Amino acid sequence: MGYVVVALTIFALTVAAQKIQHFWRLTKTINNHPGFRTLFSDRFALFSRHIRGITPGFNFAFLSKHAYFEQAGWDVLAGVNASSYVTYYVADAAVAKEVTSARSRFPKPVDFYRILSIFGPNILISEGDEWKHQRRIVAPAFSEKNNRLVWDETARIVRDLVENVWQRRDVVEVDHVMDVTVPLTLFVIGSAGFGRSVSWQESAVPPSGHVMTFKDALDVIGHKLFYRLLFPNWALRWGTPGMRRFYQAYADIEKYMAEMVQARRTDEFKQERNDLFNSLLDANDAEVDQTAKLSDSALIGNIFIFLVAGYETTAHTLAYTLILLALYQDEQELLYQNIKHVLGDDRTPTYDDLSSLKYTMAVCHEILRLFPPVIGLPKVAAEDTSFTFSNASGQKTTVPVPKDSHIVICTPALHYNPRYWDDPTSFKPSRFLGNWPREAFFAFSGGPRACIGRGFAETEAVAVLTLLVSQYKIDIKDEPQFASETFEQKKARVLKSNVRFTVYPERAPLVFKRR
């Protein structure tokens, strides 16, 4: 037995020595390039921990913005960790475009997203031919007809909020902006995504065979979706009351969707429905090759990914939009005047007005620049290659990118990079009018794998802002304990953020005053 222990110890030490040798060789290789440095002990190395799924990396990536790149003097940095793999952090627009455009050279690290397979096979976790197959069936669901439905359902839900919840009061106080934006976006994805019309005052009586109504189940899942990622089914089923409620809500939603699939297949007179789920079923049914059809689990998996990717990001973007408009009353007035110019007096906006509401879209894009929903876009180098880039001083360098290197496009760093954005820390929606640096805007990712639901999200956001700002002036709610704070202190307080899957405001109380 003693010989076995000695042999195993020698083997382990040999492997460790090889890893250390490889680690320092990579470090030396990268450091040999002028202006380029290796990071493996700095706080910035938390980015690599983010890629492994640890939340602090998100926080540091968002809070640091472009500062660390500016300190280094270059917009591509590298880190080598003890596992001896290199991670490149990118805030250079040309390199980011190269990485996102060359899908075969820089594929998505699907293992990182594998946890999302718990929802079923879906477009987000696929790569290569499987991704092409899924996209061919999924993409048609995001159509002009669906965008029109998004607008109409958003208008219905906002009208329901104003008339039946706020009861057309002249002054409405909200303790936290997300008390409005989260349910609103959940209801929109319920209607335009799942084909289930949901209202703020929906009956609390669930249909036969269900424990919860569709609205309640969707609301529970929307607020606690991270439970599904953190805990196995047995833990959810027998855990805390909150975990058990989530387990039941998830089971109910799965049952609702299975019923929808079955009803669709047995309906002799199929009506044209433009929600994502029914459009996805239509596209799948249209596949001539039976082997190419998506399975029921893949259909449900994709619609869950639409829920994950769509509702929370839009809810948080709208929350920051309302906060900044409340802080910057001059910008809110510009937006209001632009809306009135497009609509005239007392005309209800429609989807056909979308292209004319340019300032509203500019406001949405500026919020996405300041608070990008995706903090880092991970890729992997499929082959030995190199990056060539320059810095603000015009110096140019080329660095090696070994095969299997990790690459992270740092969205906040790109969005706050002064090489592309004038006065990047300021709230200036007008920068998105006319020509603006599209190559440095990665709120919806880029290249072939850019966000497939961009039109859905933009249509919803513009509709919400247009409908609310045309009727209400928005302000920060006064609270006695903050009576003596300066504007900057108030701004810091209401914009204080946390990170879960995306960045979101911790607490921002608002007042809506009827115009």
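The values are calculated or read from the model by the stated rules, or taken from the named source; none is laboratory data. All values derive from a computational prediction rather than experimental measurement. Cβ coordinates were reconstructed from backbone atoms using ideal geometry, including for glycine residues, and neighbour counts include every protein chain displayed. Side chains are part of the model used for accessible areas, which takes the heavy atoms of the whole protein and leaves out ligands, DNA and RNA. Shrake-Rupley method; radii C 1.70, N 1.55, O 1.52, S 1.80 Å.
Filter region 450-463 down to residues that are β-branched (Val, Ile, Thr) and open to solvent by less than 30 Å² (accessible area, probe 1.4 Å) and give me whichever is farthest from Ala362 (Cα to Cα).
Thr459
Do we have Ser426 as assigned to a helix (DSSP H, G or I) and not basic (Lys, Arg) here?
no
Can we say Val172 is more than 24 Å from Arg273 (Cα to Cα), out of contact with any Ser or Thr (no Cβ under 6 Å at 6 or more places or on another chain), not in a helix (DSSP H, G or I) and not aromatic (Phe, Trp, Tyr)?
In short, yes.
Quick grid of which residues meet (1) closer than 30 Å to Pro109 by Cα; (2) within 22 Å of the chain's Cα centre (by Cα):
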residue	(1), (2)
Gly455	yes, yes
Glu458	yes, yes
Val464	no, yes
Val469	no, no
Ser484	no, no
Lys490	no, no
Val499	yes, yes
Glu506	no, yes
Arg515	no, no
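Exactly one condition in (1) of a type in the set (Gly, Ala, Ser); (2) at pLDDT below 95; (3) within 21 Å of Asn338 (Cβ to Cβ) is false for Ser426; which is it?
(2)
Name, by its number, the condition in (1) touching a helix residue (DSSP H, G or I) at 6+ places or on another chain (Cβ under 7 Å); (2) open to solvent by 10 Å² or more (accessible area, probe 1.4 Å); (3) more than 25 Å from Arg135 (Cα to Cα) that does not hold for Gly447.
Among (1) touching a helix residue (DSSP H, G or I) at 6+ places or on another chain (Cβ under 7 Å); (2) open to solvent by 10 Å² or more (accessible area, probe 1.4 Å); (3) more than 25 Å from Arg135 (Cα to Cα), the lone unmet condition for Gly447 is (3).
Would you be able to say whether some residue in region 480-493 is open to solvent by less than 30 Å² (accessible area, probe 1.4 Å) and either in a loop (DSSP other than H, G, I, E, B) or without any contact (Cβ under 8 Å) to a residue 12 or more places away in the chain (or both)?
Within region 480-493 (the criterion being open to solvent by less than 30 Å² (accessible area, probe 1.4 Å) and either in a loop (DSSP other than H, G, I, E, B) or without any contact (Cβ under 8 Å) to a residue 12 or more places away in the chain (or both)), the answer is no, since none of the residues qualifies.
Of these, Thr466, Thr411, which one is at pLDDT 95 or above and either touching a Ser or Thr at 6+ places or on another chain (Cβ under 9 Å) or open to solvent by less than 60 Å² (accessible area, probe 1.4 Å) (or both)?
Criteria check complete, one pass: Thr466.
Which of the residues that make up region 494-511 are at pLDDT below 95 and assigned to a strand (DSSP E or B)?
Ser497, Asn498, Val499, Val503, Tyr504, Pro505 - these are the residues of region 494-511 that are at pLDDT below 95 and assigned to a strand (DSSP E or B).
Test of understanding: among Val182, Val198, Val177, which residue is aliphatic (A, V, I, L, M), touching a His at 6+ places or on another chain (Cβ under 8 Å), within 29 Å of Pro509 (Cα to Cα) and open to solvent by less than 20 Å² (accessible area, probe 1.4 Å)?
Val182
Counting only residues that are among the acidic types (Asp, Glu) and within 15 Å of Gln262 (Cα to Cα), how many does region 280-303 have?
3
Could you list, in sequence order, the residues of region 221-254 that are more than 21 Å from Pro206 (Cα to Cα), surrounded by 20 or more Cβ atoms within 10 Å (Cβ to Cβ) and more than 22 Å from the chain's Cα centre (by Cα)?
Answer for region 221-254, where residues must be more than 21 Å from Pro206 (Cα to Cα), surrounded by 20 or more Cβ atoms within 10 Å (Cβ to Cβ) and more than 22 Å from the chain's Cα centre (by Cα): just Leu236.
Name the residues in region 206-226 that are of a type in the set (S, T, N, Q) and within 14 Å of Arg244 (Cα to Cα), would you?
none
Checking Val138 against (1) aliphatic (A, V, I, L, M); (2) in contact with a helix residue (DSSP H, G or I) (Cβ under 8 Å, 6 or more places away or on another chain); (3) farther than 21 Å from Ala461 by Cβ; (4) not in a helix (DSSP H, G or I), only one condition comes out false. Which one?
(4)
Determine whether region 251-261 contains at least one residue that is touching a Leu at 6+ places or on another chain (Cβ under 6 Å), under 20 Å from Gly193 (Cβ atoms) and hydroxyl-bearing (Ser, Thr, Tyr).
So far as region 251-261 goes, no, none of its residues is touching a Leu at 6+ places or on another chain (Cβ under 6 Å), under 20 Å from Gly193 (Cβ atoms) and hydroxyl-bearing (Ser, Thr, Tyr).
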